[in-house]
1. Return yes when B:Ala287 is within 14 Å of chain A (Cβ to nearest Cβ), crowded, with 21+ Cβ neighbours inside 10 Å and either in contact (Cβ under 8 Å) with a residue 24 or more places away in the chain or closer than 30 Å to B:Asn72 by Cα (or both) and no when it is not.
2. Between a first residue in the range B:8-19 that is over 19 Å from B:Asp43 (Cβ atoms) and modelled with pLDDT of 90 or more and a second residue that is acidic (Asp, Glu) and open to solvent by 30 Å² or more (accessible area, probe 1.4 Å), which pairs have beta carbons less than 9 Å apart while being 6 or more apart in sequence or on different chains?
3. For A:Ser106, state whether it is surrounded by fewer than 18 Cβ atoms within 10 Å (Cβ to Cβ), closer than 30 Å to B:Asp84 by Cβ and either of a type outside the set (A, V, I, L, M, F, W, C) or outside the structural domain of A:His220 (by TED's automatic domain parsing) (or both).
4. Looking at (1) closer than 29 Å to B:His181 by Cα; (2) open to solvent by 30 Å² or more (accessible area, probe 1.4 Å), which one does B:Ile73 not meet, given that it meets all the others?
5. Mind listing just one residue for me: the one in the range A:316-340 that is within 14 Å of chain B (Cβ to nearest Cβ), over 24 Å from A:Gly176 (Cβ atoms) and in contact with a strand residue (DSSP E or B) (Cβ under 7 Å, 6 or more places away or on another chain) and, of those, modelled with the highest pLDDT?
6. Among B:Ile144, B:Ile160, which is the only one that is modelled with pLDDT of 95 or more, more than 22 Å from B:Asp39 (Cα to Cα) and touching a Phe, Trp or Tyr at 6+ places or on another chain (Cβ under 8 Å)?
7. In the range A:292-309, which residue that is more than 14 Å from A:Met214 (Cβ to Cβ) and in a helix (DSSP H, G or I) is most open to solvent (accessible area, probe 1.4 Å)?
There are 2 protein chains.
Amino acid sequence: MSDRITLAHGAGGKEMEALIRKLFARVKLRSINNAVGLDYFDDASQIITSTSNVIVSIDSYTVDPIFFPGGNIGKLAATGSINDVAVMGASPVAALDSIVVEEGFSLRDLEEIIDSLVKVFESEGVALLGGDFKVMPKGKIDKIVITTVVIGYLPDSHKIILDSKARPGDKVIVSGTIGEHGAVITALRMGIDAELGELKSDCMPVTRVMKIAMENGEIHAAKDPTRGGLAMALNEIAEKSGVSVIVDEEEIPIRDEVIALSEMLGVDPLSLACEGRVVMTVDPNDAENVVKALHRNGFSDARIIGEVKKEDEGIVLLRTKAGGLRILEKPTGELTPRIC
Amino acid sequence: MSDRITLAHGAGGKEMEALIRKLFARVKLRSINNAVGLDYFDDASQIITSTSNVIVSIDSYTVDPIFFPGGNIGKLAATGSINDVAVMGASPVAALDSIVVEEGFSLRDLEEIIDSLVKVFESEGVALLGGDFKVMPKGKIDKIVITTVVIGYLPDSHKIILDSKARPGDKVIVSGTIGEHGAVITALRMGIDAELGELKSDCMPVTRVMKIAMENGEIHAAKDPTRGGLAMALNEIAEKSGVSVIVDEEEIPIRDEVIALSEMLGVDPLSLACEGRVVMTVDPNDAENVVKALHRNGFSDARIIGEVKKEDEGIVLLRTKAGGLRILEKPTGELTPRIC
């Protein structure tokens, strides 16, 4: 086997079969309850569900660069789709992946990427049931695009958590410092790697955050603020729930390095993507409990940053450090493409 | 809204939201049993399953050219993943899509592609529950790549149909003429469009074929012969089932145009992809019934092309028109990249 991906590896014949079997040999969780999974390399996979309430999410990951401080496209692809399922209140159980790679791509890099993807799934108890693999000729795709699907169960005891379920009076909590993923990727793309210092992407599964939060309070709405950052996530909640959200700039946890980079890059840190954070609206009687529980479990930057109001439906207001009040709009324009 | 896709359309902000809502407004089947589906534009979607036996498949579609006689990448992306679920014996019920598109892509083309995708899902009763949308800068991806996931139910009364379940004595049936999709795409790529004449891709859902076949006989193994064509599909069945398969070249239905093109292109028509055919192994007592039922329902080219044997485990043998017997190998080498 050559150390580069060739078109033959994507042709559906002998070479592809050998490559796929080799690349995915490292997967330990290959099926659910011994149903038809990865070992079968069949046309589709099987889930014998243990609940009738199934949550499913798909995302394509196009991040550039594909390796970055704190992760790579494989880690991100597993994490991002897990997070989309987790913020609905569900437990991720199964995944599928589809990889489109450029002819000539390094086999070693591909192995490292798949290794990272598989590690996330395994550490989360998510079985990788199957997938697809395509090769595009040199110059027809930039390196690699990975699509993942994650399937989760919503236990009968849990209500589904929706963007549209925030209630006036709810407290708004973020689970940690925001914008690190977006700041890191943007800085790398702008060629100011040296300014990053120790800063890393916050890329990580939010399943534990969600579990702790749900065990310690009534979570009404939750999102992982990826593209468009906290600004977009809060606007979506406000709009879909028919409420307004008011947040306190002073209370929003942001690392100094992210603030410094944002100033250099001329971007609003509230629009920078996170890949391991949750913003949630929580029953006001439970909010302190939830934050304390998160702190006890190592999420020491979790914070109440604001609250949900009835008035001014669909609007997000930011109380600035200077004491003013301004509308926090949905981000517009290009932001950074290929952030995730 | 401009008539070209911009990077802002993929940035997760205001422009993306407006575009997505517009593009997918045409979808009529937006949820299953009023669970959380497309209307919610939430982080993930919900399926309240009516069976505990769920079949799921993912595929990324990279076909080049994206418009071809008989379809386009949208029709193919919906059809291909439906077919992967159908050949397991399941009924497709839900889908998700993820689109990665090049900056500058024509909005009209995108609408046409999504229209084709949505039409296939709707005609099959498959609800489109959600998806993802990314834009890559000009030159970083060739036009568009679509990934689809299709989820199906396997009724309790149906056994799952696996590549590994072919039995000695089974008859091998193909549901129609083979290789048209592969021949069309390869010819277009080689620039010999004029030679195509009336030939079209065979791209179409195989759900009806599977339904008719299952109602009229015991289907042990089934595949849709896509990349690697009939040669690859038969080899997979032989290998996974631990049997040999012997097929009769004389009996394999192939259009004259496909044979002529194959000769011009220097390819084996048995390695050319189909996107609307099934090859299945069927209990010998039922095989004639199945073929007759397919004929009655308009699949007039369905044919018994061979049988499954116990000897020579893992081998596919072709009885040639000249009367000889040769091993039909798994295809190797490049074939045509981006056939699907």
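The values are calculated or read from the model by the stated rules, or taken from the named source; none is laboratory data. In this text the structure is predicted, and so the values were computed from the model without any measurement. Cβ placement follows ideal geometry from the backbone for every residue including glycine, while neighbour counts extend to all protein chains displayed. The area values use the complete protein model at the heavy-atom level, side chains included, leaving out ligands, DNA and RNA. Shrake-Rupley method; radii C 1.70, N 1.55, O 1.52, S 1.80 Å.
1. no
2. Hits for this filter: B:Ala8/A:Glu334; B:Ala8/B:Glu15; B:His9/B:Glu15; B:His9/B:Glu103.
3. Yes: the conditions hold for A:Ser106.
4. (2)
5. Taking the candidates together, the pick is A:Ile327.
6. B:Ile144
7. Once the filter is applied, the top-ranked residue is A:Arg296.
Conditions (1) in contact with a helix residue (DSSP H, G or I) (Cβ under 6 Å, 6 or more places away or on another chain); (2) among the aliphatic types (A, V, I, L, M), marked per residue:
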{"site": "B:Gly89", "(1), (2)": "no, no"}
{"site": "B:Glu102", "(1), (2)": "no, no"}
{"site": "B:Ile113", "(1), (2)": "yes, yes"}
{"site": "B:Thr148", "(1), (2)": "yes, no"}
